[in-house]
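Read the structure below first, then the notes.
The values are calculated or read from the model by the stated rules, or taken from the named source; none is laboratory data. Bear in mind that the values here come from a model prediction, so they are computed numbers and not experimental data. Heads up, the Cβs are rebuilt from the backbone with ideal geometry, glycines too, and the neighbour counts pull from every protein chain shown. Note: areas computed on protein heavy atoms with side chains; ligands, DNA, RNA excluded. Shrake-Rupley method; radii C 1.70, N 1.55, O 1.52, S 1.80 Å.
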Amino acid sequence: MSIRAVARDAYGEALGVLALSAVGGLFAGVVLGGMERELTVVPGLLVLVPALLATRGNVYGSLGARLATGLHQGLVEPDLSLDDDRVRAAVTAAMANGVAVSAVAAVLGYLVLLGLGRPAAPLPGLLVVALVAGVLSGIGLTVVVVVAVFLGYRRGMNPDTLAGPVVTTTGDVIGIATMLAGARVAIALGVT
């Protein structure tokens, strides 16, 4: 197979997912634009947005890569099941890392805002936002990544080509939506 054919196949597989990625990014921006109340009531929330979205991409992109590598090497069966110890370990590690990094981002964001003399919600409020978003987005992204990688592989697609755009798009959409949910929980609990 020539380099041109490989490139054509790779772009052909990714084009639809990349188009959906653009639409998903726009949708995430619309949701963020609608968070005016939460951004006002929870000072410092906007500082968490890039940190939390970046961690979603990093953590769940790694999950997709691990699963794809396992499939390519024949270490993981292409079944949508958590019966495989490797799949369970990868999913557990991703969830734990996603939640832990969310908490770290909240603490660091709070400290940076204090250091710069900028207004910040109390640390418990930012932690509630980050932890709710970390758990909810972790569940959603785990499901999406596992399904996309396994179904794509079973249909003859390269899961490495799918994982990146799928994680980016769903990470942005789910990440912003769960941050909104987390902000509303923090406001309802009165910790902002």
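Computed values, structure above
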{"quantity": "Label-to-label distance, nm, for residues given as Thr40 and Leu20 (7 Å Cα→Cβ offset)", "calculated": "3.7 nm"}
{"quantity": "Net charge, Met95 excluded, C-beta distance under 14 Å - Lys, Arg +1, Asp, Glu -1", "calculated": "+3"}
{"quantity": "Rh (Kirkwood; distinct C-alpha pairs) - segment 51-114, Å", "calculated": "13.0 Å"}
{"quantity": "Förster-model FRET efficiency, 41 Å R0, Ala5 and Val107, C-beta, rounded to 0.05", "calculated": "0.25"}
{"quantity": "Helix runs (DSSP H) in the chain reaching 24 Å along axis by Cα, Kyte-Doolittle at least 1.0", "calculated": "3-33, 85-115, 123-154, 159-189"}
{"quantity": "Cα-based convex hull, segment 132-192, per residue volume (Å³, whole number)", "calculated": "59 Å³"}
{"quantity": "Rg over Rh [alpha-carbon atoms, Kirkwood Rh] for the chain", "calculated": "1.05"}
{"quantity": "Among Ala51, Ala19, Ala177, residue whose mean-square fluctuation peaks in a GNM of the chain (springs only between Cα atoms under 10 Å)", "calculated": "Ala19"}
{"quantity": "Heavy-atom accessible surface of the chain: percent carbon and sulfur, 1.4 Å", "calculated": "67 percent"}
{"quantity": "Size of charge dipole - segment 39-192 - debye, nearest 20, with Cβ of Lys, Arg +1 and Asp, Glu -1, no other charges", "calculated": "340 debye"}
